[in-house]
Amino acid sequence: MTQYTTGELAKHCGVTVRTVQFYDSKGLLIPSDLTNGGRRLYSEDDLRRMHVICFLKDLGFSLKDISGLLESDDTEKVLKMLIEHQEEALRLSIDEDRKRLDRLHGLKQSMGSFNSITTDSIGVMADIVDNRKQLRFMRIKMVIVGIIMDIAWIPTLIYGIVAGVWWPFVMGVIVAVALGVWISLYYVRHTAYVCPDDHTIFQLPVRKMFFAKHTPSMRKLACPVCGFKGYCLEIYVPSGNPKNANGTLIWPAGGDAR
């Protein structure tokens, strides 16, 4: 009767020795015999079992499913069930990939030519993605200040109604207004917008920002360079960014704001 060492079995099945040893450790492929020196020896049945394991693994079955199949008393029915289950999973995966492909194709068509996209603009956009974290941190700061503003006047208002003493409320309102002005100026200084048409990064006066339609991440504005009118992406900018006369921020070729 032909017997195979671990290396020979691995070679016949087109896998590595480590793979055979791994299946052995999982109880999927127990050697039929051992040499006097303790080396594993596998029979023809073991070779066929290994071929089945490799075949099912290539089809995408998990080791748990393969183990259940090999230990089943009704292998044919279990195998049929597993194949049908795998077919359905692959069909769903193909459908999802096809939908993604259709969306990508539609996006590509809507964008038109890609000739206008340069390494400079890609660098700028990569930097924009990175600073989204800074923008979220800034918004957290603003929420905290807003809570402090509420603490400054709401308790003093209640105290004034109950006790009839109003000077704490007046002081609380003054503090709340001062914090409101400060946080608004802080927001304006550290917020800029990206034009989706030419990737210009610009800032605007307070009156234009606060009265424009907006979403949590975009604001409907007019680009001061190309004249585009529509929703522009809101980003965070550090203090001291140089600007042109029209208020456009100056970004170097590498994409990092100066």
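The values are calculated or read from the model by the stated rules, or taken from the named source; none is laboratory data. Keep in mind that what you see is a predicted model, and the values were worked out from it rather than measured. Every residue, glycine as well, gets a Cβ built from its backbone with ideal geometry; the counts of neighbours run over all protein chains shown. All accessible areas refer to the heavy atoms of the entire protein, side chains included, with ligands and DNA or RNA removed. Shrake-Rupley method; radii C 1.70, N 1.55, O 1.52, S 1.80 Å.
Go through region 1-17 and count every residue that is assigned to a helix (DSSP H, G or I), farther than 14 Å from C54 by Cβ and open to solvent by 70 Å² or more (accessible area, probe 1.4 Å). Qualifying residue count for the region: 1.
Being assigned to a helix (DSSP H, G or I), over 25 Å from S217 (Cβ atoms), modelled with pLDDT of 80 or more and over 24 Å from the mean Cα position of the chain (by Cα) is a description that does not apply to I94.
Just to be sure before I move on: is M149 assigned to a helix (DSSP H, G or I), within 21 Å of V237 (Cα to Cα) and not small (G, A, S) in the structure I sent?
Working: assigned to a helix (DSSP H, G or I): yes; within 21 Å of V237 (Cα to Cα): no; not small (G, A, S): yes.
Spelling it out, it is not the case that M149 is assigned to a helix (DSSP H, G or I), within 21 Å of V237 (Cα to Cα) and not small (G, A, S).
Could you please give the count of residues in region 172-197 that are under 20 Å from L221 (Cβ atoms) and either in a strand (DSSP E or B) or open to solvent by 60 Å² or more (accessible area, probe 1.4 Å) (or both)?
The initial filter retains those residues of region 172-197 that are under 20 Å from L221 (Cβ atoms), namely 184-197.
Okay, now just the ones that are also either in a strand (DSSP E or B) or open to solvent by 60 Å² or more (accessible area, probe 1.4 Å) (or both), so 185, 189, 191-194, 196-197.
Within region 172-197, residues that are under 20 Å from L221 (Cβ atoms) and either in a strand (DSSP E or B) or open to solvent by 60 Å² or more (accessible area, probe 1.4 Å) (or both) number 8.
Would you please name the residue that is modelled with the highest pLDDT, looking only at residues in region 146-185 that are among the aromatic types (F, W, Y) and under 42 Å from the mean Cα position of the chain (by Cα)? Ranking the qualifying residues of region 146-185, first place goes to W182. Only residues that are buried (at least 16 other Cβ atoms within 10 Å of the Cβ) and either under 15 Å from L29 (Cα atoms) or of a type in the set (S, T, N, Q) (or both) were counted in region 68-84, giving 2.
Any residue at all in region 85-101 that's without any contact (Cβ under 8 Å) to a residue 40 or more places away in the chain, closer than 27 Å to Y4 by Cα, surrounded by 10 or more Cβ atoms within 10 Å (Cβ to Cβ) and among the small types (G, A, S)? Let's see the steps before the verdict.
First, the residues of region 85-101 that are without any contact (Cβ under 8 Å) to a residue 40 or more places away in the chain: 85-101.
Filter once more, so that each one left must be closer than 27 Å to Y4 by Cα: none.
No; the residues of region 85-101 include none that is without any contact (Cβ under 8 Å) to a residue 40 or more places away in the chain, closer than 27 Å to Y4 by Cα, surrounded by 10 or more Cβ atoms within 10 Å (Cβ to Cβ) and among the small types (G, A, S).
Scanning region 1-58 for residues that are under 43 Å from the mean Cα position of the chain (by Cα) and charged (D, E, K, R) returns K11, R18, D24, K26, R49, K57, D58.
A search for C-beta distances below 8 Å between a residue of region 1-25 that is more than 9 Å from Y42 (Cβ to Cβ) and free of Cβ contacts under 8 Å to residues at least 60 places away in the same chain and any residue that is open to solvent by less than 70 Å² (accessible area, probe 1.4 Å) and of a type in the set (V, I, T), counting only pairs 6+ apart in sequence or on different chains, returns G7/V17; A10/V17; A10/T19; A10/V20; C13/V20; V17/T6; Q21/T6; Y23/I53. Scanning region 206-238 for residues that are free of Cβ contacts under 8 Å to residues at least 12 places away in the same chain and open to solvent by less than 70 Å² (accessible area, probe 1.4 Å) gives A212, A222, G227. Return the residue satisfying two criteria in turn: it lies in region 18-56 and is at pLDDT below 85 and within 23 Å of E84 (Cβ to Cβ), and of such residues it is most open to solvent (accessible area, probe 1.4 Å). Filtering region 18-56 for residues that are at pLDDT below 85 and within 23 Å of E84 (Cβ to Cβ), the one most open to solvent (accessible area, probe 1.4 Å) comes out as F55.
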